[in-house]
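The values are calculated or read from the model by the stated rules, or taken from the named source; none is laboratory data. Here the structure is a predicted model, which means the values were calculated and not measured. Every residue, glycine as well, gets a Cβ built from its backbone with ideal geometry; the counts of neighbours run over all protein chains shown.
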Amino acid sequence: MAVIESEELSYFATYVSIVILKMVVLSPLTGYFRHQGNAFSNPEDMVSLKEKDRKPIFNDPMVERVRRCHLNDLENIVPFFALGLLYALTSGASTTTIVWHYRFFVVARLFHTIAYIGALPQPSRGLGFLVGLVVNVSMAVQILMYNANF
Amino acid sequence: MAVIESEELSYFATYVSIVILKMVVLSPLTGYFRHQGNAFSNPEDMVSLKEKDRKPIFNDPMVERVRRCHLNDLENIVPFFALGLLYALTSGASTTTIVWHYRFFVVARLFHTIAYIGALPQPSRGLGFLVGLVVNVSMAVQILMYNANF
Amino acid sequence: MAVIESEELSYFATYVSIVILKMVVLSPLTGYFRHQGNAFSNPEDMVSLKEKDRKPIFNDPMVERVRRCHLNDLENIVPFFALGLLYALTSGASTTTIVWHYRFFVVARLFHTIAYIGALPQPSRGLGFLVGLVVNVSMAVQILMYNANF
């Protein structure tokens with residue numbers, strides 16, 4: 001029933017759905033902290049506030065923390081999608097190697113989010129970030145070496 | 001002539017091109033408002049300004065509004081690309097179901113941009129955002145359930 | 001051994017790996033400048049600093065420059081991934097046309113990064129940005145015209 005029948009792609013679809021679901025949930029989480037702290041950036045979002053409180057706030061600690069976490073996700077999970085897809089479709093790696101790249105990445109980024117939102121002591125967040133980065137670089141290098149079609 | 005012959009992928013290619021075209025146009029729009037408000041962030045962009053005006057400006061309301069809209073697009077349209085592609089290639093959904101997911105998403109995000117740039121009263125922007133988010137979550141859950149290859 | 005055997009996809013995998021590698025390297029570069037300028041945004045990152053220096057800093061010129069470059073990459077390289085993939089898989093363009101789109105984009109974005117980080121005089125950075133944008137719009141329009149499946 002699927003257009004492409006591929007075990008690797010099926011693994012990829014599973015892991016990437018998890019990590020993207022995790023990422024998109026940060027949007028409503030930002031919204032939650034905006035309401036908690038009455039910290040809105042757009043005038044049209046402030047109509048429920050008292051007249052004197054209607055000014056944009058860009059320095060609410062929790063709102064900005066979630067936003068930084070979200071941006072870091074974009075900077076890492078989006079490359080993972082691009083590289084992970086090409087790694088499944090066009091690389092010489094074995095299925096086992098491919099799947100372990102995915103597993104390490106997903107666990108590392110789930111841990112990164114917990115460490116970021118929970119403000120855990122370093123190097124916990126840094127470690128989550130680093131493992132994700134290493135997986136991305138590893139996949140990129142392997143795709144490059146396998147294809148090398150300039 | 002296409003490498004993959006698939007009706008679902010052809011629908012996907014159409015809708016994703018529209019919504020990504022819409023997104024990339026926000027870059028020159030930011031540039032337009034930067035020139036309108038003389039609000040530049042890089043010293044090398046200010047050579048046409050008088051000496052005394054050459055300082056970075058990070059709080060021009062329209063520039064920042066377009067930038068927030070652009071970031072919100074990245075946070076939602078990029079997941080749509082990832083999930084929409086996998087939804088077309090590897091899910092048990094019917095073509096009709098797939099296409100209606102795409103249609104709702106594209107209309108919702110076009111509306112979101114109009115509401116954001118035009119500063120329409122809430123909940124218009126929030127509604128556009130919410131519909132897009134629901135489409136993304138719905139596709140992610142269906143991909144996960146169909147593949148479930150851990 | 002690859003799931004999809006396609007010359008276009010192999011070219012795409014090569015070029016997109018280069019440009020995404022370039023993009024993800026900006027994360028550690030931001031980290032480098034954060035340490036150089038003691039400019040951290042999270043309290044948990046400041047334990048090595050003296051008590052009196054432990055405040056978030058959001059205006060370090062080099063940190064903010066790299067971050068703007070990184071965001072501009074996301075706004076342009078991510079659309080390139082989406083459009084470039086569909087351009088390879090589902091468009092009527094010849095392999096030569098496809099590959100030259102990729103080449104122009106990759107060179108333009110490498111140049112954009114050098115111009116941004118090095119603060120080269122305009123219009124160097126603007127030119128790199130513009131060429132990348134034109135490639136993206138050109139691919140989007142061709143994909144739309146080839147598929148046009150609404």
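Using the structure shown, decide if C:L26 is touching a Cys at 6+ places or on another chain (Cβ under 9 Å) and surrounded by 16 or more Cβ atoms within 10 Å (Cβ to Cβ).
yes
If you check A:F150, A:F81, A:F129, which single one turns out to be under 23 Å from A:E5 (Cα atoms) and of a type in the set (A, V, I, L, M, F, W, C)?
Values: A:F150 fails: under 23 Å from A:E5 (Cα atoms); A:F129 fails: under 23 Å from A:E5 (Cα atoms).
Of the residues listed, the single one that is under 23 Å from A:E5 (Cα atoms) and of a type in the set (A, V, I, L, M, F, W, C) is A:F81.
Is there a residue being among the charged types (D, E, K, R), assigned to a helix (DSSP H, G or I) and at pLDDT 90 or above anywhere in the stretch A:21-29? Walk me through it before giving the result.
Start the filter on the stretch A:21-29 by keeping residues that are among the charged types (D, E, K, R), which leaves A:22.
Imposing the further condition that a residue be assigned to a helix (DSSP H, G or I) reduces the set to A:22.
With the extra rule that they be at pLDDT 90 or above, the set shrinks to A:22.
The answer is yes, given that some residue of the stretch A:21-29 is among the charged types (D, E, K, R), assigned to a helix (DSSP H, G or I) and at pLDDT 90 or above.
Residues that are within 17 Å of the chain's Cα centre (by Cα), more than 30 Å from B:S94 (Cα to Cα) and not small (G, A, S): does the stretch A:8-24 have at least one?
Scanning the stretch A:8-24 turns up no residue that is within 17 Å of the chain's Cα centre (by Cα), more than 30 Å from B:S94 (Cα to Cα) and not small (G, A, S).
I'd like the full set of residues that are out of contact with any helix residue (DSSP H, G or I) (no Cβ under 8 Å at 6 or more places or on another chain) and within 9 Å of chain C (Cβ to nearest Cβ), limited to the stretch A:102-129.
A:G126
If you scan the stretch C:131-150, which residues turn out to be closer than 17 Å to C:E75 by Cα and more than 9 Å from every other protein chain (Cβ to nearest Cβ)?
Across the stretch C:131-150, the qualifying residues are C:V131, C:G132, C:V134, C:V135, C:S138.
Answer with yes or no whether B:T90 is within 7 Å of chain A (Cβ to nearest Cβ) and not basic (K, R).
The answer is yes for B:T90.
Of the residues B:E7, B:E51, which single one is farther than 27 Å from C:G126 by Cα and of a type in the set (D, E, K, R)?
Numbers: B:E51 fails: farther than 27 Å from C:G126 by Cα.
Of B:E7, B:E51, the one residue that is farther than 27 Å from C:G126 by Cα and of a type in the set (D, E, K, R) is B:E7.
Only one residue in C:D73, C:D45, C:D60 is in contact with a helix residue (DSSP H, G or I) (Cβ under 9 Å, 6 or more places away or on another chain), under 26 Å from B:G31 (Cβ atoms) and within 10 Å of chain A (Cβ to nearest Cβ), so which one is that?
The unique qualifying residue is C:D73.
Report, by residue number, each residue of the stretch C:15-35 that is in contact (Cβ under 8 Å) with a residue 24 or more places away in the chain and of a type outside the set (A, V, I, L, M, F, W, C).
Once the filter is applied, which keeps residues that are in contact (Cβ under 8 Å) with a residue 24 or more places away in the chain and of a type outside the set (A, V, I, L, M, F, W, C), the stretch C:15-35 yields C:Y15, C:K22, C:S27, C:T30, C:R34.
Of B:N38, B:N42, which residue is touching an Asp or Glu at 6+ places or on another chain (Cβ under 7 Å), within 19 Å of C:G126 (Cβ to Cβ) and either of a type in the set (F, W, Y) or without any contact (Cβ under 8 Å) to a residue 40 or more places away in the chain (or both)?
B:N38
Here are some conditions: (1) within 24 Å of B:I117 (Cα to Cα); (2) crowded, with 20+ Cβ neighbours inside 10 Å; (3) within 7 Å of chain B (Cβ to nearest Cβ); (4) not basic (K, R). A:I20 meets all but one. Which one does it not meet?
Answer for A:I20: the failing condition is (1).
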